[in-house]
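Participant: A single structure is presented below for examination.
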Protein chains: 2
Amino acid sequence: MTSSAKGKQSDISLAVCGYSRVLEIISNKWTALVIYALENGSIRYGEMERRIEGISKKMLTQTVRKLEWNGLVQRHITPTVPPTVEYTLTPLGESLLQPMRELRQWGRENYWHVEAARANYDLTYCKESQSLTN
Amino acid sequence: MTSSAKGKQSDISLAVCGYSRVLEIISNKWTALVIYALENGSIRYGEMERRIEGISKKMLTQTVRKLEWNGLVQRHITPTVPPTVEYTLTPLGESLLQPMRELRQWGRENYWHVEAARANYDLTYCKESQSLTN
DNA sequence: CTGAATCCTAGAGGATACTG
DNA sequence: CAGTATCCTCTAGGATTCAG
């Protein structure tokens, strides 16, 4: 529609695309897992660290800070000694849960198709192992 | 539920999480835009290049190849001179459109909230400019 | 027209040590 | 407990050139 008559130029742009805006927010390595950990309610820093396999303090803090910066997560400090810090999804963050759940659902249902396609591609074009796999 | 009685150990894992599996597929810089370009049917290489603002041949080819590898896109070559190459979403690729549209919709509706949250965060914690913005 | 091959840089992310 | 601060590696992605 945009390119109906004359204007055949680029109509798809990183800066404008809604996909890209969301991906800019959730496409980091650990972001989805942190949201995942928060989807059932508030949780403390240490428990997130324990629940998310393989995450380091640095990456956890960095991820959770960016989420807070984006307004998806609320950080609440109780000034005890030692400190107690609770993280919670904001309403904005919760509104993202539904679309993300659908994505997760797609992954659960279809990932085996993806793996099959990869195996087939490699077999077809590479004969033996590797290619895009390694 | 998984960690009800005793097992308080990590129950969220990159290797298993459905989110992460999907993100592994669509979280590259140009992937979403390429799928976007394909959502209304087959399209040729050159037209994708023209429609997607700022993409280079290298990245277009790389992105589209990975999509093909994952079974989301079908590549069809007509051996004319010069060659004609058509790209089309496979049924698997089309099945991803719905969840992605919801993500895009979320972005369109809520991105301004995100920007507002960022501005507020920066104002609160940094007084002046930069922080995570730069 | 549709790529492949090189070279290069910025930044994401890991390992480790230290702290209020 | 909940982080900071450094240092270092690795690779996604850009620029450019060549080719069937």
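Participant: So is residue A:123 assigned to a helix (DSSP H, G or I) and surrounded by 14 or more Cβ atoms within 10 Å (Cβ to Cβ) or not?
Facilitator: Criteria not met by residue A:123.
Participant: Something else now. Is it the case that some residue within segment A:82-105 is farther than 28 Å from residue B:100 by Cβ and open to solvent by 60 Å² or more (accessible area, probe 1.4 Å)?
Facilitator: yes
Participant: Return the pair list, or none, for Cβ contacts closer than 7 Å from residues in segment A:8-20 that are at the interface with chain B (Cβ under 7 Å from one of its Cβ atoms) to residues that are part of a loop (DSSP other than H, G, I, E, B) and exposed (fewer than 12 other Cβ atoms within 10 Å of the Cβ), at least 6 apart or on different chains.
Facilitator: A:11/A:2
Participant: I would also like to ask the following. If you scan segment A:45-68, which residues turn out to be in contact with a strand residue (DSSP E or B) (Cβ under 6 Å, 6 or more places away or on another chain), open to solvent by 20 Å² or more (accessible area, probe 1.4 Å) and either under 17 Å from residue B:122 (Cα atoms) or within 14 Å of DNA strand C (Cβ to nearest atom) (or both)?
Facilitator: Hits for segment A:45-68 are A:45, A:68.
Participant: Would it be correct to say that residue B:78 is modelled with pLDDT of 95 or more, within 16 Å of DNA strand C (Cβ to nearest atom) and either assigned by TED's automatic domain parsing to the domain that holds residue B:22 or open to solvent by 30 Å² or more (accessible area, probe 1.4 Å) (or both)?
Facilitator: For residue B:78, the condition - modelled with pLDDT of 95 or more, within 16 Å of DNA strand C (Cβ to nearest atom) and either assigned by TED's automatic domain parsing to the domain that holds residue B:22 or open to solvent by 30 Å² or more (accessible area, probe 1.4 Å) (or both) - is met.
Participant: Also: Looking only at residues in segment B:1-44 that are in contact with a helix residue (DSSP H, G or I) (Cβ under 7 Å, 6 or more places away or on another chain), farther than 20 Å from residue A:109 by Cβ and hydroxyl-bearing (Ser, Thr, Tyr), which one is modelled with the lowest pLDDT?
Facilitator: Only one residue tops the list, namely B:10.
Participant: Can you go through B:114, B:85 and tell me which one is in a helix (DSSP H, G or I) and β-branched (Val, Ile, Thr)?
Facilitator: Checking each option against the conditions leaves just B:114.
Participant: Please go through (1) more than 8 Å from chain B (Cβ to nearest Cβ); (2) out of contact with any strand residue (DSSP E or B) (no Cβ under 6 Å at 6 or more places or on another chain); (3) hydroxyl-bearing (Ser, Thr, Tyr) for residue A:42 and return the number of the only condition it doesn't satisfy.
Facilitator: (2)
Participant: Looking at (1) crowded, with 20+ Cβ neighbours inside 10 Å; (2) without any contact (Cβ under 8 Å) to a residue 24 or more places away in the chain; (3) farther than 20 Å from residue B:125 by Cα; (4) more than 16 Å from DNA strand C (Cβ to nearest atom), find the lone condition where residue A:71 falls short.
Facilitator: (3)
Participant: Can you name every residue in segment B:45-67 that is away from DNA strand D (no atom under 13 Å from the Cβ) and more than 7 Å from every other protein chain (Cβ to nearest Cβ)?
Facilitator: B:47, B:48
The values are calculated or read from the model by the stated rules, or taken from the named source; none is laboratory data. None of the values given here were measured: they were computed from a predicted structure. Quick reminder, even Gly has a Cβ in these numbers, built from the backbone with ideal geometry, and neighbours come from all protein chains shown. For accessibility, only protein heavy atoms count, side chains too; no ligands or nucleic acids. Shrake-Rupley method; radii C 1.70, N 1.55, O 1.52, S 1.80 Å.
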